[in-house]
Amino acid sequence: MSPEPSSEEPSIIPIGKSKSNSEAGLAPLLLTVIELIRQLMEAQVIRRMDAEMLSDEELDRAAESLRQLEEQVIKLCEVFDIDPEDLNLDLGEIGTLLPKSGEYYPGEKSESPSVLELLDRILNTGVVLDGSLDLGLAELSLIHARLHLVLTSKPISKSYRSQESE
């Protein structure tokens with residue numbers, strides 16, 4: 001006879017047979033990040049469309065690509081038995097990760113913006129992060145990192161890039 005499994009042993013749940021999102025592993029987290037990026041790209045397409053910066057062909061290509069990506073996210077949610085609504089995480093006092101459907105249009109401000117709305121505003125305005133980091137152990141400095149990050153949805157001029165390389 002084989003021994004009885006102890007209650008302390010982890011249970012193995014086959015993919016697609018999970019009973020809750022917490023048992024689905026990394027799939028909900030990965031799909032949430034993909035959906036956040038998809039909606040950020042969609043907001044940038046809308047901003048460029050409103051500013052008449054896209055040709056009809058570019059707009060059609062972007063719309064088709066976003067539609068296909070959304071379909072793939074929905075299909076993966078079905079595979080992992082995840083409700084697409086569960087991809088919108090409630091972050092407590094910070095608010096929600098994604099806006100509720102139809103509640104956000106790029107460029108319009110809301111009273112309680114989602115993280116996506118804040119990221120969209122940062123991308124539209126631009127931000128520069130500059131800093132350094134030293135990691136050590138036992139009073140030995142082992143890792144040195146210097147960070148200079150420009151985060152924007154606008155093209156970075158060549159003159160700015162050449163100043164950075166000096």
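The values are calculated or read from the model by the stated rules, or taken from the named source; none is laboratory data. These figures come from a predicted structure and were not determined experimentally. Because the Cβ atoms are built from the backbone with ideal geometry, glycine has one as well, and the counts that use them run over all protein chains shown. Keep in mind that these areas ignore ligands, DNA and RNA; they rest on the heavy atoms of the full protein, side chains included. Shrake-Rupley method; radii C 1.70, N 1.55, O 1.52, S 1.80 Å.
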Please list, ordered by first then second residue, the pairs with beta carbon atoms under 9 Å, 6 or more apart or interchain, first in segment 55-79 and more than 16 Å from THR32 (Cα to Cα), second among the basic types (Lys, Arg) and open to solvent by 80 Å² or more (accessible area, probe 1.4 Å).
GLU58/ARG48; LEU59/ARG48; ALA62/ARG48
Quick check on segment 141-159: of everything there that is loosely packed, with under 10 Cβ neighbours inside 10 Å and not hydrophobic (A, V, I, L, M, F, W, C), which residue is modelled with the highest pLDDT?
ARG146
Would segment 110-125 turn up any residue that is open to solvent by 60 Å² or more (accessible area, probe 1.4 Å), in a loop (DSSP other than H, G, I, E, B) and out of contact with any Asp or Glu (no Cβ under 6 Å at 6 or more places or on another chain)?
yes
Restricted to segment 60-87 and to residues being in contact with a helix residue (DSSP H, G or I) (Cβ under 8 Å, 6 or more places away or on another chain) and assigned to a loop (DSSP other than H, G, I, E, B), the residue most open to solvent (accessible area, probe 1.4 Å) is ASP83
Kindly establish whether LYS100 is assigned to a helix (DSSP H, G or I), charged (D, E, K, R) and out of contact with any Gly (no Cβ under 9 Å at 6 or more places or on another chain).
no
Among the residues of segment 12-24, is any of a type in the set (A, V, I, L, M, F, W, C), modelled with pLDDT of 90 or more and touching a helix residue (DSSP H, G or I) at 6+ places or on another chain (Cβ under 9 Å)?
no
What residue, among those in segment 126-140 that are small (Gly, Ala, Ser) and either at pLDDT below 90 or not in a loop (DSSP other than H, G, I, E, B) (or both), is least open to solvent (accessible area, probe 1.4 Å)?
GLY131
MET53 is checked against (1) aliphatic (A, V, I, L, M); (2) farther than 21 Å from THR152 by Cα; (3) open to solvent by 80 Å² or more (accessible area, probe 1.4 Å) and fails just one. What number does that condition carry?
(2)
Look at ASN124 and say whether it is out of contact with any strand residue (DSSP E or B) (no Cβ under 8 Å at 6 or more places or on another chain), polar (S, T, N, Q) and under 23 Å from ILE46 (Cα atoms).
yes
Tell me, which residue of segment 88-109 that is of a type outside the set (Asp, Glu) and open to solvent by 80 Å² or more (accessible area, probe 1.4 Å) is farthest from VAL33 (Cα to Cα)?
LYS109
